[in-house]
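The next block holds one structure in the form of structure tokens; read it before the comments.
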Amino acid sequence: MKALTKKDIAKIEEELKSRVIFEDKLEEIKTIASLSVSYLKKYNSFFASCVVFSYPDLEIVEEKTYVEKAQDNTYYPPLQSFHDSTAAINLLK
């Protein structure tokens, strides 16, 4: 698979915006999660973490971390989600 260019990524991001749902379709909420991904240039790696909490008492149900070497070292801040998404997806598997 060829590497995506900034133009390719911007086009995909524009297409994804049309899929955003703005209405409340949730039923009873039993858990909530906090997910974070950071990129450290020094190590050319992504560090992802996720904590799942019970709701409404906010007790920790699960914690998970994941580290992944970046596939390339290109970084374009407006399209950061395309860098972070692989690590986030792998963390959640």
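General observations
- Only aspartates and glutamates eight or more places from residue 42 in sequence, or on another chain, were considered; those with a Cα closer than 20 Å are 68, 72, 84.
- Under 21 Å from the Cα of residue 64 - lysines, other chains or at least 8 residues apart: 30, 93
- Taking all protein chains into account, the per residue accessible area for the chain stands at 84 Å² (1.4 Å probe).
- Put simply, the amide H of residue 61, placed in the peptide plane, has neighbours under 5 Å in 52, 53, 54, leaving out anything fewer than 5 places away on its chain.
- Longest segment of the chain lacking GluC sites (Glu not before Pro) that sit in a DSSP loop with at most 15 other Cβ atoms within 10 Å: 60-93
- Three principal axis extents describe the C-alpha atoms of the chain; from largest down they are 43, 34, 22 Å.
- Longest site-free stretch - the chain; sites: chymotrypsin sites (Phe, Trp or Tyr not before Pro), DSSP loop, at most 12 other Cβ within 10 Å: 44-74
The values are calculated or read from the model by the stated rules, or taken from the named source; none is laboratory data. It should be emphasised that the depicted structure is a prediction, and the values quoted were computed from it without experimental measurement. As a convention, Cβ positions derive from the backbone with ideal geometry for all residues, glycine included, and neighbour counts pool all protein chains shown. Keep in mind that these areas ignore ligands, DNA and RNA; they rest on the heavy atoms of the full protein, side chains included. Shrake-Rupley method; radii C 1.70, N 1.55, O 1.52, S 1.80 Å.
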